[in-house]
1. Using a cut-off of 17 Å between alpha-carbon atoms, which lysines can reach residue 64, once sequence neighbours fewer than 8 places away in the same chain are excluded?
2. Could you please report the charge total around residue 25, scoring K, R as +1 and D, E as -1 over all other residues with beta-carbon less than 15 angstrom from its beta-carbon?
3. Kindly report the accessible area of the chain per residue (heavy atoms of protein chains, probe 1.4 Å, no ligands, DNA or RNA), in Å².
4. Sort largest first and round to whole Å: the equivalent ellipsoid semi-axes of segment 59-123, each the square root of five times a Cα gyration tensor eigenvalue.
5. What order do you get for 26-37, 112-123 when each peptide is scored by the mean count of other beta carbon atoms within 10 Å, highest first?
6. What share of the DSSP beta bridges in the chain is antiparallel, in percent to the nearest 5?
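The values are calculated or read from the model by the stated rules, or taken from the named source; none is laboratory data. Remember, predicted model here, so these are calculated numbers, not experimental data. FYI the Cβ positions are ideal-geometry reconstructions off the backbone, even for glycines, and counts take in every protein chain you see. The accessibility values were calculated without ligands, DNA or RNA, using every heavy atom of the protein model including side chains. Shrake-Rupley method; radii C 1.70, N 1.55, O 1.52, S 1.80 Å.
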Amino acid sequence: VQLQASGGGLVQAGGSLRLSCAASERTFSTYIMAWFRQAPGKEREFVSAISASERQRYYTDSVKGRFTISRDNAKNTLYLQMNDLKPEDTATYLCAARQGSVIYRVPSNYRYWGQGTQVTVSS
């Protein structure tokens, strides 16, 4: 499956952005989807993941209560609503997909990746 992330930009602290990740296949509804982020000089970090059925959603502690992951299987699209953004959220955000029933937080468990979209939060 091919993934295309979009929606990044420059925003002031406290602002909001909504990221989107469009998938190329109708089988999108069968994939576990996730968002990761990577800041310059740092390792790729898990942000959030959602099961194919949307029943399971996971977040890294630093974004809980501020970010919301969702998906629209009819549109083959994954979303990440980011509110109350902080300068430490600045990174390239990447969407990823994997088949199976187990949600992982480790990047190497995801086979398919989008190209990333840049989020910059100014203080």
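1. In chain and number order, the partners are 86.
2. Values: positive: 26, 71, 75, 98, 111; negative: 72.
So the surrounding residues net to +4.
3. Values: 6340 Å² over 123 residues.
The answer is 52 Å² per residue.
4. Working: eigenvalues 98, 38, 34 Å².
Sorted largest first and rounded, they come to 22, 14, 13 Å.
5. Details: 26-37: 21.1, 112-123: 16.5.
The peptides rank, most packed first, as 26-37, 112-123.
6. On the way: 36 of 40 bridges.
Bridges in the chain are about 90 percent antiparallel.
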